[in-house]
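In what follows, a single structure is set out as C-alpha cells and then discussed.
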Amino acid sequence: MRSLLFAFALAAAACGSKQPRTPTAAPPPTTPLYDRLGRLDAIKAIVKDFVEERVAKDPRIRARFATVDVAHLEQMLTEQICEATGGPCKYTGKSMKDAHAGMAITEAEWRAFVEDLVASMIRFDVPKAEQDELIGKLATMHDDIVGK
C-alpha cells in the first residue's frame, strides 16, 4: 500500500507540472567585487604580497620580473584589479597585448602567475567565491598575454 501511494504521488507530481523544470542559478551578488575584496587598501595589500612575496620568489616566473619596476607593476595591477572589480580606479597602463608583445609567455607561466595570486588572496582570507570571480575577470586577458 505504501509503495502504491508513493507511486501515485510521483505520478501526480509529474502530471501536475506541464513545463520542464530548469534549475535556477543563484542571483549574482549585488555588492561589487571591489567592496567584497575589501576596497582599495585590501587590493593594494593583496597586490603587494603577490608581487613581492610570491612572484618575486617563485622560481617558475621570477626571472620574468627581475628587471621590472616593482612600484610601477604594483600600481598597474592595483588599478587593473580595482577597475575590473567595479572600483573607482581607472587603469592607465598599456593594453595587455602591447604590454606582453614579444614576451612569449607560456601557459605554465600564466598558471604560476594565477596560482601566486590565489595564494596571496588566501593569505588575506579572501573567500573562494571572490577568488574565483576575480580570476574569472583576469582570465579574459589570457589570450592577449599568453604566447604573444
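The values are calculated or read from the model by the stated rules, or taken from the named source; none is laboratory data. This structure is a prediction, so every number in the text was calculated from the model and none was measured. Note that each Cβ is placed from the backbone with ideal geometry, even for glycine, and that neighbours are counted across all protein chains shown.
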Exercise. Out of all the residues in the range 75-91, is one or more assigned to a helix (DSSP H, G or I) and of a type in the set (Phe, Trp, Tyr)?
Worked result: no
Exercise. Is it true that some residue in the range 95-104 is on the phi > 0 side of the Ramachandran plot and either among the aliphatic types (A, V, I, L, M) or in a helix (DSSP H, G or I) (or both)?
Worked result: yes
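Here are some residues: 73, 77, 33, 40. Which one is in contact with a Leu (Cβ under 8 Å, 6 or more places away or on another chain) and among the hydrophobic types (A, V, I, L, M, F, W, C)? Give the derivation first.
Working: 73 fails: in contact with a Leu (Cβ under 8 Å, 6 or more places away or on another chain); 77 fails: in contact with a Leu (Cβ under 8 Å, 6 or more places away or on another chain); 40 fails: in contact with a Leu (Cβ under 8 Å, 6 or more places away or on another chain).
When all the criteria are applied, what remains is 33.
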Exercise. On the given criteria, is residue 146 within 17 Å of residue 46 (Cβ to Cβ) and either surrounded by 14 or more Cβ atoms within 10 Å (Cβ to Cβ) or modelled with pLDDT of 95 or more (or both)?
Worked result: no
Problem set entry | Condition broken by residue 118, with the remaining ones in (1) buried (at least 16 other Cβ atoms within 10 Å of the Cβ); (2) within 13 Å of the chain's Cα centre (by Cα); (3) touching a residue at least 24 places away in the same chain (Cβ under 8 Å) satisfied | (3)
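Any residue at all in the range 40-59 that is surrounded by fewer than 15 Cβ atoms within 10 Å (Cβ to Cβ) and among the small types (Gly, Ala, Ser)? Full working, then the answer.
Step one: list which residues in the range 40-59 are surrounded by fewer than 15 Cβ atoms within 10 Å (Cβ to Cβ), which gives 41, 52-53, 57, 59.
Subset that is among the small types (Gly, Ala, Ser): none.
No; the residues of the range 40-59 include none that is surrounded by fewer than 15 Cβ atoms within 10 Å (Cβ to Cβ) and among the small types (Gly, Ala, Ser).
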For this session: Could you tell me which of the residues 8, 50 is among the aromatic types (Phe, Trp, Tyr), out of contact with any strand residue (DSSP E or B) (no Cβ under 9 Å at 6 or more places or on another chain) and modelled with pLDDT under 95?
Result: 8
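Of all residues in the range 60-100, count the ones that are of a type in the set (A, V, I, L, M, F, W, C), exposed (fewer than 13 other Cβ atoms within 10 Å of the Cβ) and modelled with pLDDT of 95 or more. Full working, then the answer.
If we filter the range 60-100 for residues that are of a type in the set (A, V, I, L, M, F, W, C), which is where we start, we get 61, 63, 65-66, 68, 70-71, 73, 76-77, 81-82, 84, 89, 96, 99.
Next cut, exposed (fewer than 13 other Cβ atoms within 10 Å of the Cβ) only: 63, 66, 71.
From what is left, the residues that are modelled with pLDDT of 95 or more are 63, 71.
The qualifying residues number 2.
Taking the condition at pLDDT 95 or above, assigned to a helix (DSSP H, G or I), within 18 Å of the chain's Cα centre (by Cα) and loosely packed, with under 13 Cβ neighbours inside 10 Å, does residue 108 pass? Walk me through it before giving the result.
Details: at pLDDT 95 or above: yes; assigned to a helix (DSSP H, G or I): yes; within 18 Å of the chain's Cα centre (by Cα): yes; loosely packed, with under 13 Cβ neighbours inside 10 Å: yes.
Yes.
Which one is modelled with the lowest pLDDT, of the residues in the range 13-39 that are in a helix (DSSP H, G or I) and loosely packed, with under 10 Cβ neighbours inside 10 Å? Break it down stepwise before answering.
Initial filter on the range 13-39 (in a helix (DSSP H, G or I)): 13-16, 33-37, 39.
Right, trim to loosely packed, with under 10 Cβ neighbours inside 10 Å and you get 13-16.
On the way: 13: 40, 14: 44, 15: 45, 16: 45.
Looking at the filtered set, the residue picked out is 13.
Quick grid of which residues meet (1) small (Gly, Ala, Ser); (2) under 14 Å from the mean Cα position of the chain (by Cα); (3) within 27 Å of residue 148 (Cα to Cα):
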{"position": "38", "(1), (2), (3)": "yes, no, no"}
{"position": "48", "(1), (2), (3)": "no, no, yes"}
{"position": "57", "(1), (2), (3)": "no, no, yes"}
{"position": "73", "(1), (2), (3)": "no, no, yes"}
{"position": "85", "(1), (2), (3)": "no, yes, yes"}
{"position": "92", "(1), (2), (3)": "no, no, yes"}
{"position": "113", "(1), (2), (3)": "no, yes, yes"}
{"position": "123", "(1), (2), (3)": "no, no, no"}
